[in-house]
Structure formats: structure tokens, C-alpha cells
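Asker: One structure, pasted below without further comment.
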Amino acid sequence: MTKIRALATTFAISVAAVAASAGPAAAAGAQTLTVPDGISAGIMVYDRNTNSVELQYNAHQQFRSASVVKLMIALDYLETNGTNVPEVDLVQLQPMLRSSDDDAASYLWVKDGWETIVQRVVAKVGLTDSAPPVNRGMWGYTAISAADVVKLYDYILTKADPAVRDFIMSNLHQSTKCGDDGFDQSFGIQSAVNRPWAVKQGWSGFGDTPDPVCSPANPVPPPPGTLPGQPQTQARTQQFNPAVVGSGERTLATTTDPGGLDLTRRAMHTTGTVGPCDDKIMVVLTLEPVGTTWKDSADRITALTSVVYHLSQWP
């Protein structure tokens with residue numbers, strides 16, 4: 001098939017629809033797609049109905065997770081503590097999954113064992129590219145790959161206890177337009193693919209103040225009684241030192257970390273499922289050139305996600 005020049009040229013993405021009866025697996029392909037100069041990308045689309053990887057590129061390349069690690073935090077919490085979640089933790093888990101609440105993630109990160117969260121998930125799910133952050137407090141510097149994130153979603157959907165699956169996926173299906181920190185998280189899958197979808201986004205290196213600020217702050221609010229109230233918010237911030245524990249997402253480092261992750265470029269990731277039965281798992285991880293604006297990055301990953309999705313629909 002001919003080369004699709006929907007975006008500016010640099011590197012090719014392998015595309016395939018090869019059966020993988022053992023679950024998500026690598027695939028070889030003949031179609032190609034081009035993406036903008038200066039972007040590093042890790043991409044995979046997995047069809048759960050046919051057990052096949054439909055599209056992949058750099059599927060095992062490591063990226064810093066940013067907020068995508070919140071999937072691991074939620075999964076580990078629920079499998080360790082059960083799904084009868086007390087209110088004090090429910091008001092952390094729900095906004096963390098729906099609106100990417102960083103303080104909630106930091107609270108749960110410390111509460112459940114810091115880097116041991118990632119270690120347990122890696123061992124249980126069988127992840128091969130993921131690793132805890134070198135700086136144990138910076139959960140957003142967890143190493144992930146597109147292939148591992150696909151495997152993580154597949155585990156949640158097919159192997160986790162149904163109550164765990166339903167808790168995580170129901171919250172991801174209610175992902176809000178605006179993140180808890182005021183950044184507009186409606187890029188990628190949210191804008192490129194028609195509902196139904198469930199998403200967990202991630203971004204890193206864009207500073208403290210969104211420009212512009214996303215509004216309204218929470219256009220798809222959780223049910224009454226589930227938003228974090230002031231007492232809980234005060235209590236959770238007393239459980240961790242923000243100077244020691246956090247996403248690491250606000251600023252850029254000047255070098256890669258000792259584990260080899262690129263912390264110098266801005267990261268934007270879109271991950272999730274699409275289809276009425278969470279039929280396809282889509283993961284698009286990107287690193288943008290230093291200085292890329294939020295809007296430019298969001299526009300580019302959305303355009304890339306749109307083409308990736310439509311290309312994966314081809315027979």
C-alpha cells in the first residue's frame with residue numbers, strides 16, 4: 001500500500017494485522033506512516049477481538065511515564081487492598097484516574113510503598129520494559145513503553161478481578177476534558193476518536209501554569225460525594241513532602257537520568273481503549289522538541305493519533 005503522508009516526514013511506523021494468540025505481541029508490517037520532525041514516538045494498537053497487534057512503532061522504546069503510571073498505582077492499590085475502598089482513599093483514586101490529580105497520586109505512592117508499587121506490577125503483569133524511577137520520589141519518571149502499556153491494559157481487562165477491572169475502566173470512561181491542574185487533557189484519543197473510549201493521558205515538562213487554562217475545571221464531574229473535600233485534601237498533603245514526592249512533570253532536566261530515560265524533552269502521551277467493549281487498546285507515547293508549546297504538542301499528538309487510529313482500521 002502507498003505511504004500515507006498525513007504528517008511531516010521523518011520516520012516510518014510498521015503496520016500489521018498479525019494474529020497473536022498469546023496476547024499482545026510484536027508484529028511485522030508493510031504499510032508506513034510519517035510523523036513530524038523532531039518527535040520520538042512509541043506506538044501500538046492492539047485489537048482484543050482478534051488478539052492481534054494492528055500497528056506498532058518503537059513499541060519497546062522506554063519513555064518516562066508522566067501520569068500514565070497512575071494506572072499502575074490504581075491497579076496495585078486495588079489488588080492489594082480490595083475494591084471495598086474507604087472514602088479517604090476513594091477521593092484520591094477517582095480524581096487521579098479521571099482528572100489526573102497529582103497530589104492524589106503522591107498520597108497513594110507513599111501510602112502503598114513508593115517504587116515497590118511498580119515492582120509488584122512489573123512482576124505480576126510480566127512487563128519487560130518498565131522500571132521504577134531512579135529517584136524513588138518522582139513517580140512520573142517511571143520507565144514505560146507502548147508495548148508494556150498495552151499489556152497493562154490487557155491485564156486489567158482480561159486477567160484482573162472483574163471488580164478491579166470495572167473500577168478502573170469506569171473511571172477512565174469518565175475522563176474529564178480538564179486535568180486537575182488546569183491543563184487541557186482532551187488531546188490524542190479524546191479528540192481524535194469518537195466515543196466510546198476510556199483514556200489515561202500523561203504529560204511532562206510544560207511548567208506549572210497552563211496557557212491557556214482549561215475551563216471549566218471539571219466539565220464531567222464525578223458523582224456527588226466523590227470529589228476530594230478540604231479535610232481529605234489537607235490530610236493527604238500531610239502524608240508526603242511535596243519537595244520529595246511528585247510527578248517530576250513541571251520542569252525539564254538538563255540530562256537523561258541515570259536509568260537512561262530522556263528527561264530533557266517535553267512528553268505527551270495518550271493511552272486507552274476505544275469501542276463499545278473496549279475493543280482496541282491504543283497507546284501513543286511522544287517526546288517533543290524543547291520549547292514546543294502545549295497547543296502545538298496537543299495538536300500534533302491528536303493528528304498522529306487520528307491517522308494511527310484510521311490506519312489501524314484498514315483490513
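The values are calculated or read from the model by the stated rules, or taken from the named source; none is laboratory data. Here the structure is a predicted model, which means the values were calculated and not measured. No Cβ is skipped: glycine too gets one built from the backbone with ideal geometry, and neighbour counts run over all protein chains shown.
Asker: Does segment 154-170 contain any residue that is touching a residue at least 40 places away in the same chain (Cβ under 8 Å), closer than 26 Å to residue 266 by Cβ and not hydrophobic (A, V, I, L, M, F, W, C)?
Answerer: No: zero hits.
Matching residues to (1) out of contact with any Asp or Glu (no Cβ under 6 Å at 6 or more places or on another chain); (2) modelled with pLDDT of 65 or more; (3) farther than 20 Å from residue 180 by Cβ:
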site	(1), (2), (3)
222	yes, no, no
255	yes, no, yes
289	yes, yes, yes
304	yes, yes, yes
315	yes, no, yes
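Asker: Sticking with this one: For segment 158-188, give me each residue that is farther than 17 Å from residue 93 by Cα, in contact with a helix residue (DSSP H, G or I) (Cβ under 6 Å, 6 or more places away or on another chain) and in a helix (DSSP H, G or I).
Answerer: none
Asker: Looking only at segment 24-42, decide whether some residue is part of a strand (DSSP E or B), crowded, with 17+ Cβ neighbours inside 10 Å, modelled with pLDDT under 95 and of a type in the set (Val, Ile, Thr).
Answerer: No, segment 24-42 contains no residue that is part of a strand (DSSP E or B), crowded, with 17+ Cβ neighbours inside 10 Å, modelled with pLDDT under 95 and of a type in the set (Val, Ile, Thr).
Asker: While we're here: Within the group 262, 299, which residue is surrounded by fewer than 22 Cβ atoms within 10 Å (Cβ to Cβ) and either among the hydrophobic types (A, V, I, L, M, F, W, C) or in a helix (DSSP H, G or I) (or both)?
Answerer: Numbers: 262 fails: either among the hydrophobic types (A, V, I, L, M, F, W, C) or in a helix (DSSP H, G or I) (or both).
Matching residue, one of 262, 299: 299.
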